[in-house]
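The values are calculated or read from the model by the stated rules, or taken from the named source; none is laboratory data. As the structure is a prediction and not an experimental result, all values here were calculated from the model. As a convention, Cβ positions derive from the backbone with ideal geometry for all residues, glycine included, and neighbour counts pool all protein chains shown. Surface areas here come from the heavy atoms of the whole protein model, side chains and all, with no ligands, DNA or RNA. Shrake-Rupley method; radii C 1.70, N 1.55, O 1.52, S 1.80 Å.
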Amino acid sequence: MREDFFKEEIICDYKVTEKMKRVWAVQLDLLEKFMDVCDRNGLKYFATYGTLLGAVRHKGFIPWDDDIDITMPRKDFDKLKLIAENEFEYPYFFQTPENDPENFTAGGCRLRNSNTTYIEFLNLGHFCNNGCYIDITALDGVFDDRQQRSKQLKKIDFYKSLLYAKVYGDNFYELFNYTAQEWEFYRILAKFFPHNWLCKKFNEACSKCSVDNTKQVGIYTQKNGYYEYRFFEKDIFEQTVLLEFEHMLIPVPRKYDLFISTVWENGMDLPPENERKPRHEGFFETNIPYKEYVLPKYTDLFTDIKGKDIIIFGAGKMLEYYMEKHGQKYSPKVVIDNDPNKWGTIKNGVPVQSPQELPMLLQGNERIIIVNIYYREIGEQLERMGITEYYVYLQGRKYG
């Protein structure tokens, strides 16, 4: 690792902070540990998605990426799950849907560092391992016959939905693009089945088609809707080559250009600046174990709020969502924003002011709510101002 690795820098017009660099360092250590275990046990694996694209386009992390994506053929994936307990010692933890039932990441696994914190919105309030992680997914066969393929996908989505509903219960259905009625259906139905039985049925559905008897493969163990289900020609993965990734060489599919063009229409082109942002939302610290991390307040935003002046920090698109959902009942007195172009304007019927004016607004009877995707940075900004009592609004979470 180069000497100046942790130094904040601008890459592709995007500021990579020292804090994110430290997350990267933890993930690189996890990747090295993962590769060592796989290599010693003769297991095949390769970088995919953003990690593969980063290796090809940047020779390392995409500047706004915040995780590492690894894929394994199903037989290697299943073998690793069997041997992981004996191969990974504390602080490393190989998290599976079966061994950590308060967490479900679409059927994939994660290698985590238990001495760190990376709590995604999805897992807030869940007693699972929430250390920094890398993602490991399985590569499964895809039926050539359209009817068989459709039947398989319906089963995969059915059991995946039941597992999401069983694990996450009353919250976050909006994050999964379910209607309230659909989420309630899955939530109630999931109560009738044991967790491990659902995991077993989901894995059987994913691996129903033998890789030996098909021309295409797919990655089903990932969240619906982001990359969706892409089907790849099988020979893309038959051989691997090594590419530079930060200070390491990592294996990638030999025909990585075909993988990239299958996932992204213009993968080698940089996205517009407004799309250059981390994909995962949550709270992270590399020097605090997740069991010791003190979360900002993100639930019960409106408890004991009667008579308080609501001050919202953030005048972006999330404010519009907040006002649509809660504005009539919990209207803010003022909105604070870091953009000078918004100061003195009216946003959703509420005046927008600068952060410099915030201390003068505080009379001891306020509820400060961050309504912005950059809640981490804003929280740190508030704390530098001596303000430690604030809440974080989670778009998509149900509030009373």
Within the range 209-294, strands (runs of 3 or more DSSP E) holding 3 or more residues that are open to solvent by 50 Å² or more (accessible area, probe 1.4 Å) and of a type outside the set (Lys, Arg): 240-245
Subset of the range 180-192 [of a type in the set (A, V, I, L, M, F, W, C), within 17 Å of LYS160 (Cβ to Cβ) and touching a helix residue (DSSP H, G or I) at 6+ places or on another chain (Cβ under 7 Å)]: TRP183, LEU189, ALA190
Residue check, LYS7 assigned to a loop (DSSP other than H, G, I, E, B), in contact (Cβ under 8 Å) with a residue 12 or more places away in the chain and closer than 17 Å to THR137 by Cβ: no
ASN86 being more than 26 Å from SER210 (Cα to Cα), among the polar types (S, T, N, Q) and in a loop (DSSP other than H, G, I, E, B): no
So ARG384, is it open to solvent by 70 Å² or more (accessible area, probe 1.4 Å) and farther than 20 Å from GLY307 by Cβ: yes
Hits in the range 303-352 - residues which are open to solvent by 40 Å² or more (accessible area, probe 1.4 Å), within 18 Å of GLU377 (Cα to Cα) and modelled with pLDDT of 95 or more: ASN338, ASP339, PRO340
Sole exception among (1) surrounded by fewer than 20 Cβ atoms within 10 Å (Cβ to Cβ); (2) touching a residue at least 12 places away in the same chain (Cβ under 8 Å); (3) among the charged types (D, E, K, R); (4) within 21 Å of LEU249 (Cα to Cα) for ASP66, by number: (1)
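Mind listing just one residue for me: the one in the range 353-386 that is of a type in the set (Lys, Arg) and either in a loop (DSSP other than H, G, I, E, B) or within 30 Å of TRP64 (Cβ to Cβ) (or both) and, of those, modelled with the lowest pLDDT? I'd like the intermediate steps shown before the answer.
Our first condition is that a residue be of a type in the set (Lys, Arg); within the range 353-386, this holds for 367, 376, 384.
After this cut, where a residue has to be either in a loop (DSSP other than H, G, I, E, B) or within 30 Å of TRP64 (Cβ to Cβ) (or both) as well, the list is 376, 384.
Details: ARG376: 83, ARG384: 93.
Ranking the qualifying residues of the range 353-386, first place goes to ARG376.
Considering only the range 110-136, state which residues are under 17 Å from LEU80 (Cα atoms) and either assigned to a loop (DSSP other than H, G, I, E, B) or without any contact (Cβ under 8 Å) to a residue 40 or more places away in the chain (or both).
Correct list: ARG110 only.
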Residue within the range 233-246 that is under 25 Å from ASP39 (Cα atoms) and in contact with a Gly (Cβ under 6 Å, 6 or more places away or on another chain) present: yes
Search result, residues across the range 355-376 that are loosely packed, with under 14 Cβ neighbours inside 10 Å and farther than 11 Å from ILE311 by Cα: GLN356, GLU357, PRO359, MET360, GLN363, GLY364
